[in-house]
Amino acid sequence: MCSVCGCGTGLAHVRRPSRKAGDAVRFKLHQQDRAHAHTHDAPEMADMTPARLVKIERDILARNNDYAEANRRQLAGQGIFALNLVSSPGSGKTTLLVKTIAALNGALPLAVIEGDQQTENDAARIRAAGAPALQINTGKGCHLDAQMVGIAMQRLNLQDDSLLLVENVGNLVCPASFDLGEAHKVVILSVTEGEDKPLKYPDMFRAADLMLLNKCDLLPYLEFDAELAISYARRINPELQVIRISATSGEGMSAWLDWIGAGCRHAARQRVADAAAALE
Ligand SMILES: Nc1nc2c(ncn2[C@@H]2O[C@H](COP(=O)(O)OP(=O)(O)OP(=O)(O)O)[C@@H](O)[C@H]2O)c(=O)[nH]1
Ligand SMILES: [Mg+2]
């Protein structure tokens, strides 16, 4: 059961890249982890008192935070810059990732974790772009959690001083509450969604450090006020950085790549500094 919306699922599946359809590796989370939110055994929401709901939500998020901390420790120990891409469905996350991989052109080692309820489509698109990718199918679950991402990280054999890009399930609500151990949440808002989304879904815009305003190539054809959308987002989160971008035309890509590059250099430098400090 999701602590945010109360959705319930069976167990998530992490799929290993595979050439043969049907050869995807599925495995179940360990038995002790089935007490986690996503179980068939979760009591019905209707049966619960508010106090019990609050306790369950606290337990779920505390448990998630423990896994997120473990992920963060691993990422820091390897100097990996990890981003959690969050948005409503169809904002252009996968397209942006594909274009980012092409633009980086091997300059940085990177890997991608894809989250969707069903299908391996997005991971297949990333692999076709030349990067290793692992698909997590969350079933009825509406977000990735830190445990799923931790398992995927082990399976991807992440390189030191690399970039890890996580595409969350398309959902502007629940992923805001789940820390995956990432350095930053990056929220993608596309210009076809309406200016008011930051006001309607404030948690996501508050949780993010960067907003990519995507599909800007469509602005001439729409009644969308980009300045207004950005001002709404900054009303929610005054510190929010914003890059106007078009994954299809390439507008704003260099600013996005510069932002990624700076984050990667910082993570790598921090790894060396931490290693030196540990020796003192
Ligand atoms: N015009 C335009 N279309 C775009 C842009 N970026 C993505 N698209 C289109 O938007 C649609 C959805 O793109 P995806 O990359 O699949 O979106 P997504 O956010 O990964 O979708 P989910 O994973 O289903 O949440 C596709 O038809 C893309 O071609 C853009 O910058 N401009
Ligand atoms: Mg996608």
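What follows is calculated from the coordinates using simple rules that are stated; it is not laboratory data. Everything quoted here is computed from the prediction, not taken from an experiment. Positions of Cβ are backbone-derived with ideal geometry, glycine not excepted, and every protein chain shown enters the neighbour counts.
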Order of HIS266, HIS143 from fewest to most other C-beta atoms within 10 Å? HIS266, HIS143
The chain, Gaussian network, Cα under 10 Å: of GLU182, GLU57, GLU227, the residue fluctuating most is GLU227
So how much slack lies between ARG52 and ASN105, counting 0.36 nm per residue of separation and subtracting their Cα-Cα distance, in nm? 14.0 nm
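Express in nm, to one decimal, how much length is gained between LEU257 and GLN270 on full extension, taking 0.36 nm for each residue of separation and deducting their alpha carbon distance.
Numbers: separation 13, 0.36 × 13 = 4.68 nm, distance 1.98 nm.
This chain segment gains 2.7 nm when fully extended.
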In the Gaussian network model of the chain, springs joining C-alpha atoms below 10 Å, which of GLY79, GLY115, GLY106 carries the largest mean-square fluctuation? GLY106
With an 8 Å cut-off on Cα pairs and a minimum separation of 6 or more residues, tell me the relative contact order of the chain in percent. 22
Taking the number of other C-beta atoms within 10 Å as the exposure measure, put TYR67, TYR232 in order starting with the fewest. TYR232, TYR67
Could you work out the per residue convex hull volume over the alpha carbons of segment 75-171, in cubic angstrom? 85
At 1.567 mPa s and 4 °C, Stokes diffusion of the chain via Kirkwood alpha-carbon radius, µm² per second: 67
Lysine pairs in segment 27-279 with alpha-carbon atoms under 30 Å apart, 8 or more places apart or on different chains: how many are there? 27
Residues VAL186, VAL14 arranged by fewest to most Cβ contacts within 10 Å: VAL14, VAL186
DSSP-defined beta bridges in the chain - what % are antiparallel, rounded to 5: 10
Residue with peak Gaussian network fluctuation, the chain [Cα springs, cutoff 10 Å], from LEU83, LEU158, LEU219: LEU219
Förster radius 25 Å - calculated FRET efficiency between LEU222 and ARG73, Cβ distance, rounded to 0.05: 0.05
Say each of ASN157 and LYS200 gets a label point 7 Å from the Cα, pointing the same way as Cα to Cβ; how far apart are those two points in nm? 4.5
